[in-house]
């Protein structure tokens, strides 16, 4: 049956729940495009024959192949679009620098799109207020400026606003400005300790 | 409550399909029994049981929903789409008798979705199908809502097992509401937490390292 490969790509993507990004299925995409090409060519020969010899009986077959072409188009567009949604989410969850194992799963065009997205988000944030506003901060309304955090893993040295450098060592606890550590908490380096 | 920045395209409601929705694409991959009412020249290889060059008129075969929907025409007779057996009279009486006992996951898992899509094909049974779908949903909804609002810190796999995809999504949103409320009551709503996406990635990395 036609369009099996395209459906398989969608199924693989759907199986990765909670917005995880699977490796870009370049091979699958190429196979789908090849199938579309051969469907198109077969349709062209049949259309020419139907026109030249007036064979109206070929029309149902042409329509069937055309439906398959549209289906493949839908699957591929949905595949690429859903991946973009996932990549966009990564910017909000990880911050502007992605870890290598995540970047590894993206194709060249997606990396390019990500950097464009990063840039437009940054210029939007700069345009807000008098000197910019980071909209990825304070997703939950803050109750205090400083919070108690505990390190979940070794992260190395970390500099805060007043120039003090602190060492983020596993299991050490610190009292830090909230806006400085929000991203590290989201990345799972620090843990917010509630008293 | 955990905030998710990845929001997938929602599936369409009722008879509508959402073009970019992964759920709807998988739903339209479901196979339907059809009978051809015209010949399809040069496509014999699609029908494995025969080795003729064409698909002759009157062949019974299974086609995915998207193909049947694309080929079906009201005015011209190209395809006759038959009802899958869970929507037929016999099963409808079962659903009407007690919708709570049926395992919709096994029968679907897109029972409501596929049922609504069947309404695109003109059939004298359409009003009955629509009515049964609605009554089944109403009959089961109370139980779905009740269990999703009361299973806190429990293993929900037994509760979810027999639900249709649509009901599962409802169950999930009920659970996230319940968990959000509970964490607010305990004063944890303002606690900053690691993103579930990041945590999942880490879990997988550990799993990758282990042989």
| request: For residue B:119 paired with residue A:119, estimate the spin-label separation in nm (one decimal), with each label point 7 Å from Cα along the Cα-to-Cβ line. | output: 4.8 nm
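Where does chain B land at 222 nm, in deg cm²/dmol rounded to the nearest 500, when only DSSP H runs of n ≥ 4 count, each adding -39500 (n - 2.57), divided by all residues?
The per-residue figure over chain B is -14000 deg cm²/dmol.
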| task | For the stretch A:136-195 and the stretch B:147-169, compute the distance between their C-alpha centroids and round to whole Å. | result | 36 Å
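Classify chain B: rounded, prolate or oblate, from the alpha-carbon gyration tensor (a ≥ b ≥ c, eigenvalue square roots; a/c under 1.5 rounded; otherwise prolate if a/b is larger than b/c)? Could you put the intermediate results ahead of the total?
Numbers: a/c = 2.73, a/b = 1.74, b/c = 1.57.
It is prolate, given that a/c is not under 1.5 and a/b is the larger ratio.
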| What is the stretch A:107-183 by shape, rounded, prolate or oblate, if you read a ≥ b ≥ c off the alpha carbon gyration tensor as root eigenvalues and call it rounded for a/c under 1.5, prolate for a/b larger than b/c, and oblate otherwise? | oblate
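Given the convex hull of the Cα atoms of the stretch A:57-195, what is a quarter of its surface area in nm²? Each step should come with its number before you reach the end.
Details: hull surface 52.6 nm².
Answer in nm², one decimal: 13.2.
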| note | Sorted largest first, the Cα spans of the stretch A:32-124 on the principal axes come out in Å as 62, 28, 16
| query | Nearest 0.05, what FRET efficiency do residue A:40 and residue A:162 give at R0 = 60 Å with Cβ-Cβ as r? | reply | 0.40
| field | C-alpha long axis of helix A:108-127 to longest principal axis of chain A, angle in ° | value | 50 degrees
| query | What per residue convex hull volume, in Å³, do the alpha-carbon atoms of the stretch B:1-122 yield? | reply | 157 Å³
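Rounded to the nearest 5, what % of DSSP beta bridges with both residues in chain B are antiparallel?
100 percent
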| How far is helix A:4-15 tilted off the main Cα axis of chain A, in degrees rounded to 10, range 0 to 90? | 20 degrees
| request: Obtain the nm distance between the two label points defined at residue B:77 and residue A:171 by a simple spin-label model: each point lies 7 Å from its Cα along the Cα-to-C-beta direction. | output: 8.1 nm
| When the label point is put 7 Å from the Cα of residue A:63 along its Cα-to-beta-carbon vector, which residues of the stretch B:9-52 have a backbone N closer than 20 Å? | B:32-47
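From the square roots a ≥ b ≥ c of the eigenvalues of the alpha-carbon gyration tensor of the stretch B:25-75, which class results: rounded (a/c under 1.5), prolate (a/b over b/c), or oblate?
Values: a/c = 2.23, a/b = 1.45, b/c = 1.54.
The shape class here is oblate.
Students often check this: by mean Cβ neighbours within 10 Å, which of A:166-176, B:169-179 ranks highest, and how do the rest follow?
Values: A:166-176: 13.5, B:169-179: 15.4.
In descending order of packing, they fall as B:169-179, A:166-176.
Can I get the semi-axes of the protein assembly as shown's equivalent ellipsoid? Compute them from the C-alpha gyration tensor as square roots of 5 times the eigenvalues, in angstrom, largest first. Don't skip to the end; give the middle numbers.
Working: eigenvalues 489, 168, 56 Å².
Ellipsoid semi-axes (Å, largest first): 49, 29, 17.
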| message | Just to confirm the number: angle between the C-alpha axis of helix A:59-94 and the first principal axis of chain A, 0 to 90 degrees, nearest 10? | response | 10 degrees
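All of the numbers you see were taken from the coordinates with simple rules; none came from a lab. These figures come from a predicted structure and were not determined experimentally. As a convention, Cβ positions derive from the backbone with ideal geometry for all residues, glycine included, and neighbour counts pool all protein chains shown.
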